[in-house]
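S.K.: Dropping the structure in here first, questions after.
The values are calculated or read from the model by the stated rules, or taken from the named source; none is laboratory data. The model shown is predicted, which means the values in this text are computed figures rather than measured ones. Reconstructed Cβ throughout: ideal geometry from the backbone, glycine too, with neighbour counts over all protein chains shown.
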Amino acid sequence: MFSKGIKAALFIVYALVFGEFFMRIMDPQPMMPRYVQGSSDGIRMNIPNSTYWQHTPEVDVEFRINSQGIRSNREIPLAKPEGVCRIVTMGDSFMMGYEVSLENSFAYLVEHNLQAAGIPAETVNLAVSGFGTAEHLITLQSRGAPFNPDLVIMEWHSTDPKDNKRSNLFKVSDGKLARKNQTYLPAIKVRERLMKIPGYEWLIGNSHLYSVIRESAAVFSKKLLLSLRSKGDSKNLEAEEDLSEDTMEVAQNDNKLPPDFANEYPDPLDELLINEVDSVTRSIGAKLVLMDVPMDWKKKAAIYSAFEYLDLDAIANVDRVSPYLQFKEYSDKGQRMYYDLGQGHWNIKGNQVAAKVMTQAIIENGWCKK
Amino acid sequence: MLFQTPTFFMFFLVFILCYLATRKHLSIQNAVVLVASYIFYGAWDERFLTLIIASTATDYLAGIGASGTKISRHDLIKSTVFLIGGSLISLSFTLKDSAHFLLAVVALAALYWIVGWYQLRLDEQKRRKFFILFSLVLNLGILAVFKYFNFFAESLQDLAQGMGFELNYVTLNIVLPVGISFYTFQTISYSVDIYRGQLKPTTSMMRFAAFVSFFPQLVAGPIERAAQLLPQFYTARVMTFEKFKSGSALFAWGMFKKVFIADNIAPIADRVFADPSAFSSGELTIGLLAFTFQIYCDFSGYSDMARGLARILGFELMLNFNLPYVSRTPSEFWQRWHISLSSWLRDYLYIPLGGNRGSVVGTYRNLTLTMLLGGLWHGASWTFVLWGLFHGIILVIYRILNVDAILYGFKNRPGSHYTFSILAACIMFIFTLYGWLIFRANTMDVLVSYTMGLFSFHNMGDALNQLGQLFYYIGPLLLFQCLQLAKGKTEIFWELPKVLQINIALFVLYCIVFLQPKTAAAFIYFDF
């Protein structure tokens, strides 16, 4: 009745439909679509004026991106309002507030905490999911500086060392930081082409099968890229993914980086990038604060400071803030600071605690000019 | 190199291309199988290839001798060249650290020539006996040194300490070579079958070496009999699309059992066995159930994958598992579980011990002893010995109660037959469960603590969540096994309606691709 071609096509369609139902029943996926595009500064940016949702078994969150590519409910003029302390925040999905509403995101909470403390403040959240320090540096130069910030809060996350290596934007040459490539736009062309296909947007926001395929492909390509670009030393970097229970336990007891990959760090590239961000921040008359994103490995309530990855002496001039102790205290009491069923970002409590710690540090150190 | 990893798929792709390219030249194709098998094994630890080579060369000679034939100078040269040449290649990567290995190889080669000289003085009967002993001593010697030396040495020291003596001895820092129990049993059965006149010795070292090291079943069985597998190296294998389809389906089903079921439920068992005293009876019951299905899916999954791979290549390996958990009696269980080992133990241990030919007490003794040694085969630990003893005892009890005959008596009364069969299967399953507890407990302390926790029956409803989690993984298997049971055989996939075939295939593939743990786990039976 049907030709072989039609039969094959029908089978593929049926297999995909089957797969969709299979994933929904057997292993529902968090729907975390990424709306990013290429930017003239050679790195990714949030797609301006886009609106999308994140659905996980724990949350349903709407994301609204303004025309400047910033997750915000308003447009932010470049000119700084009189008497307002302007804070630029840079980071990845944690700083962008993945899995929480805008009102519960770190940057928003810092702004409101400071205002509540009588400090007129305004945050400009330039975070983009997947960014590392190398991209933060470019972001500050091309997108942050025009906002004339008084304070720059840059996130430091355990994924940054890998991201910095993978992006290949900078290298260490004779002990100094040097630009290596002008662009790093992973899978952006493919994404832009796919976005033109009718129904694709629906797919990325609703298909569990597509979501698991995309995530698997992303993990695979990230590993591949990392191993290609770290020239043989990727083994230990990747070891983080496969931490054994024993290693976990040792690390948990010692509150230190697991020995499996502690030897890989610190990487001079990371410290040089942070110092360069500090230098650029100073050149625009602002102050840099490095914000620790404590890690929660394998959902075991074992909390670690991402600062363990750094040679802190090499970035002695940079002020640092860490909510690690508070996270650990809550965690020890059984309070979860991360979502368990989505992608493990800070939950509302996590954002609140981190924002509170940062707000106190800003007030105590007088980093925001009144 | 684990079957379920991308590395193995790459290896197999390259191998099958070479295999296909040489399909018109049997000898070359056998050589391809041999080289691939050695690469497959060497990927784990190339030094221990020496043991396989030694076992192969020894039983090549022993096979000829056990048939009563005089070993020729030509055969001696072949064995010596194979032994020394193969060992040199396998040890060449670690020559500095492997001098003792090489020395042992040279000594073995010298022994071949001494044996070759000595056998000329023996008549046919004595020569047959001499060579079967030669094979047994060499193969069991390898096993004793590499698998049991430390176990017996430590046990002796513990015993002496208990009696107030202090024994100073040296324990050897020996790594257990993967698959050693499987290939040594395979080579022993080859020589014994020849000795018994059930098989003719091969004169092709290449074929024999390929038979011993055939990579799909090298490291975890099935333990093939030479009479079944060796002739398949004599004639060109027929590879058809039907065999490819059937082999692939079998491989996928095995992989499903391994990566979707066994590897996903392993943490449930691992958790409770790590510290049984910390868990309620409910959790201990679920943990034990989890291990019961983990070990079945892990091992039978491997066997299915091995059989599937072999079928794709045009070989046929024996069925190793036949729905063991529906067994109604211990004897039925051992006809359904690890069939290649239990039939091996029956043919090469139980029957030579006298089987059931002597007195009733003698039969019970033979049963218990066979199961005891079967337990010890699994590993150098007293819990394995106890597990074997446990199965030996229940075999004897069922035999005393004549349960098999009672159940058989119901055969003509369908209603009673089904009722009593289900009841008997439930009782047997409980025995099997407890057997796995003995098997899985690393130490006697764990066994005692687990047993006490299990039978205190406190908080039995504690683990309902975990029960749900367990059934999430084993549910599809149980459903499929109901179909297998109804049809009375294991390979029923191609007999199902097309619609069911497509849906089962898609389900299995999606489970394998998306629902396997991130890290590939080794097979449990690699340790045995």
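S.K.: For segment A:151-170, state whether one or more residues are outside any helix (DSSP H, G or I), in contact with a helix residue (DSSP H, G or I) (Cβ under 8 Å, 6 or more places away or on another chain), within 14 Å of chain B (Cβ to nearest Cβ) and not aromatic (Phe, Trp, Tyr).
M.R.: no
S.K.: Does segment B:192-199 include one or more residues that are under 21 Å from the mean Cα position of the chain (by Cα), at pLDDT 90 or above and within 30 Å of residue B:71 (Cβ to Cβ)?
M.R.: So far as segment B:192-199 goes, yes, one or more of its residues are under 21 Å from the mean Cα position of the chain (by Cα), at pLDDT 90 or above and within 30 Å of residue B:71 (Cβ to Cβ).
S.K.: Any residue that is aliphatic (A, V, I, L, M), in contact (Cβ under 8 Å) with a residue 12 or more places away in the chain and crowded, with 24+ Cβ neighbours inside 10 Å - is there at least one of those in segment B:197-211?
M.R.: Yes; the residues of segment B:197-211 include at least one that is aliphatic (A, V, I, L, M), in contact (Cβ under 8 Å) with a residue 12 or more places away in the chain and crowded, with 24+ Cβ neighbours inside 10 Å.
S.K.: Could you check segment B:485-517 and list, in sequence order, the residues that are more than 12 Å from chain A (Cβ to nearest Cβ) and charged (D, E, K, R)?
M.R.: B:487, B:489, B:491, B:495 - these are the residues of segment B:485-517 that are more than 12 Å from chain A (Cβ to nearest Cβ) and charged (D, E, K, R).
S.K.: Of the conditions (1) within 21 Å of the chain's Cα centre (by Cα); (2) farther than 15 Å from residue A:43 by Cα; (3) assigned to a loop (DSSP other than H, G, I, E, B), residue A:109 clears all except one; give me its number.
M.R.: (3) is the only condition that residue A:109 fails.
S.K.: I would also like to ask the following. Tell me which of these residue B:482 doesn't satisfy, since it passes every other one: (1) within 14 Å of another protein chain (Cβ to nearest Cβ); (2) assigned to a helix (DSSP H, G or I).
M.R.: Checking residue B:482 against (1) within 14 Å of another protein chain (Cβ to nearest Cβ); (2) assigned to a helix (DSSP H, G or I), the one that fails is (1).
S.K.: Restricting the search to segment B:471-491, which residues are touching a Leu at 6+ places or on another chain (Cβ under 8 Å) and in contact (Cβ under 8 Å) with a residue 60 or more places away in the chain?
M.R.: B:481, B:484, B:485, B:490, B:491
S.K.: Just one of B:153, B:160, B:144 is touching a helix residue (DSSP H, G or I) at 6+ places or on another chain (Cβ under 9 Å) and either modelled with pLDDT of 90 or more or not β-branched (Val, Ile, Thr) (or both); which is it?
M.R.: The match here is B:144.
S.K.: Failed condition for residue B:322, given (1) part of a loop (DSSP other than H, G, I, E, B); (2) in contact with a Pro (Cβ under 7 Å, 6 or more places away or on another chain), with all others met?
M.R.: The number of the failed condition is (2).
S.K.: Just to be sure I understand, how many residues within segment B:114-124 are at pLDDT 90 or above and not in a helix (DSSP H, G or I)?
M.R.: Number satisfying all stated conditions: 0.
S.K.: Can you name the residue in segment B:518-528 that is closer than 30 Å to residue B:383 by Cα and outside any helix (DSSP H, G or I) and, of all such residues, is farthest from the other protein chains (Cβ to nearest Cβ)?
M.R.: Among those residues, the one meeting the criterion is B:528.
S.K.: With segment B:1-113 as the region, which helices (runs of 4 or more DSSP H) entirely inside it contain at least 3 residues that are aromatic (Phe, Trp, Tyr)?
M.R.: B:6-21, B:26-45
S.K.: Just for helices (runs of 4 or more DSSP H) wholly inside segment B:180-271: which have at least 1 residues that are among the small types (Gly, Ala, Ser) and farther than 13 Å from residue B:316 by Cα?
M.R.: B:180-195, B:205-213, B:241-255
S.K.: Within segment A:299-330, which residues are surrounded by fewer than 20 Cβ atoms within 10 Å (Cβ to Cβ) and of a type in the set (S, T, N, Q)?
M.R.: Listed by number, the residues that qualify are A:317, A:326.
S.K.: Tell me, please, whether a residue that is part of a helix (DSSP H, G or I) and under 26 Å from residue B:187 (Cβ atoms) can be found in segment B:278-287.
M.R.: no
S.K.: Can you tell me which of A:193, A:214, A:179 is surrounded by fewer than 14 Cβ atoms within 10 Å (Cβ to Cβ), more than 24 Å from residue A:270 (Cβ to Cβ) and not hydrophobic (A, V, I, L, M, F, W, C)?
M.R.: The conditions single out A:193.
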